[in-house]
1. Counting helices only, and only those DSSP H runs with n ≥ 4, report the 222 nm mean residue ellipticity of the chain as the sum of -39,500 (n - 2.57) divided by its residues, in deg cm²/dmol to the nearest 500.
2. Starting from the residue with the highest accessible area, list K155, K38 in decreasing order, probe 1.4 Å.
3. Taking amide H positions as placed in the peptide plane 1.01 Å from N, state which residues far from V56 in sequence (5 or more) or on other chains have amide H under 5 Å from it.
4. Output wanted: per-residue J couplings in Hz (rounded whole) for the stretch 143-154, from phi through Karplus 6.51 cos²θ - 1.76 cosθ + 1.60, θ = phi - 60°, x for Gly and Pro.
5. Taking amide hydrogens as modeled 1.01 Å from N in the peptide plane, which residues meet the under 5 Å criterion relative to T218, leaving out close sequence neighbours?
6. The chain: longest stretch without exposed GluC sites (Glu not before Pro) (DSSP loop, at most 16 other Cβ within 10 Å), sites themselves excluded?
7. Send over a whole-number figure in Å² for the accessible area per residue of the stretch 166-240, probe 1.4 Å.
8. Report in % the part of the accessible area of the chain that belongs to carbon and sulfur, leaving out ligands and nucleic acids; probe 1.4 Å.
Amino acid sequence: VITVLCANPALDITYRVDRVTRGAVHPVGTVHRRAGGKGANVARVLRQLGEPVRLVAPLGGAGGEEYAADFGPGLVTVPIAAPPRSSVCVLDEHATVFNEPGPELSPDEWEAVVAAVLDVRTDVLVLSGSLPGGVPVDAYARFVTAGVATVIDAKGAVLAAALAAGPDLVAPNLAEAQEILGTDDPYACAAELRARGARGAVVSSGPDGLIAATAAGTWRARPPRVLAGNPTGAGDALTAALARGLAGGAAWPDILRDAVATSAAAVGCETAGEIDPVLHAELVDQVVLEESDVADHHR
Ligand SMILES: Nc1ncnc2c1ncn2[C@@H]1O[C@H](COP(=O)(O)OP(=O)(O)OP(=O)(O)O)[C@@H](O)[C@H]1O
Ligand SMILES: [Mg+2]
């Protein structure tokens with residue numbers, strides 16, 4: 001089974017309006033509410049792929065109940081006092097997003113989250129997204145040192161603090177890697193993430209695909225074409241596919257082809273946390289994979 005931790009879950013609320021005007025009152029046409037947070041998107045993709053998955057999330061109040069009802073099977077709720085935050089997306093021709101910070105967890109509540117994650121034997125643990133308040137910035141490191149195979153999709157200080165513990169795989173996008181590493185070359189970023197402790201690193205760059213640096217080699221994998229659609233959640237689909245590949249013990253070239261096809265197939269779906277299976281099947285054999293000699297990139 002794959003366990004996904006969504007430490008700071010959010011109810012995603014989408015308001016569709018004709019046009020956003022600053023300072024004006026807007027009648028909202030349709031309102032859509034669903035269980036969100038990056039971990040929830042990862043778990044939904046895994047569930048769609050038929051992979052046994054549990055999503056662990058700290059949830060309280062009526063908002064927590066709404067979240068659980070919307071997510072459905074596979075959710076392990078860790079009861080806490082506070083309801084989840086909301087993330088409000090106002091959609092006209094653009095998507096304008098307002099992310100609340102979320103509740104602060106007490107030390108006991110966080111210990112209950114850790115226990116819920118580690119109590120069940122897991123093939124791969126996915127640590128995805130931000131940490132709630134009240135939790136130490138190096139909280140992800142604790143799961144890595146517990147000996148579970150971990151895939152981490154995080155950014156900033158949370159990602160930086162997790163590296164030294166030696167996670168199996170980190171998968172930030174290029175901007176997130178650049179923010180903590182100070183270089184904008186994806187090969188250099190992937191190599192540096194390994195130098196800082198990760199056993200493997202995947203650095204994604206939207207339609208340009210990804211660079212993967214692992215103990216077995218370094219690869220670039222690209223989708224065969226740029227897809228039009230909704231790229232939000234493509235990174236979460238990528239994380240899901242990487243976790244599934246690691247859990248299945250596939251070879252890196254196969255994992256990467258599948259991961260690029262899966263993430264590109266997410267762009268074809270309007271909602272984050274879903275992939276288009278027909279598009280996935282069509283793309284998987286067309287992914288452009290090149291193994292690279294790391295020395296090529298350090299001239
Ligand atoms: N327009 C696109 N066309 C084809 N493939 C895409 C496109 N956008 C993204 N992808 C695929 O999805 C992967 C992840 O995308 P990206 O680097 O944008 O992730 P991200 O910024 O972490 O996204 P998010 O965190 O919003 O889910 C890319 O490596 C690529 O394989
Ligand atoms: Mg991402």
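1. Value at 222 nm, helices only, nearest 500: -10500 deg cm²/dmol.
2. K155, K38
3. Those qualifying (amide H under 5 Å, at least 5 residues apart or on another chain) are V4, L5, C6, V76.
4. With coefficients 6.51, -1.76 and 1.60, one gets 6, 5, 6, 6, x, 8, 5, 10, 10, 10, 10, 9 Hz.
5. Answer set, sorted by chain and number: S292.
6. Answer from the scan: 94-269.
7. 39
8. That fraction is 52 percent.
The values are calculated or read from the model by the stated rules, or taken from the named source; none is laboratory data. Model, not experiment: these values are computed from the prediction. Using ideal geometry, Cβ is built from the backbone for each residue, glycine included, and neighbour counts are taken over all protein chains shown. To get the accessible areas, we keep the full protein, side chains included, count just its heavy atoms, and leave off ligands, DNA and RNA. Shrake-Rupley method; radii C 1.70, N 1.55, O 1.52, S 1.80 Å.
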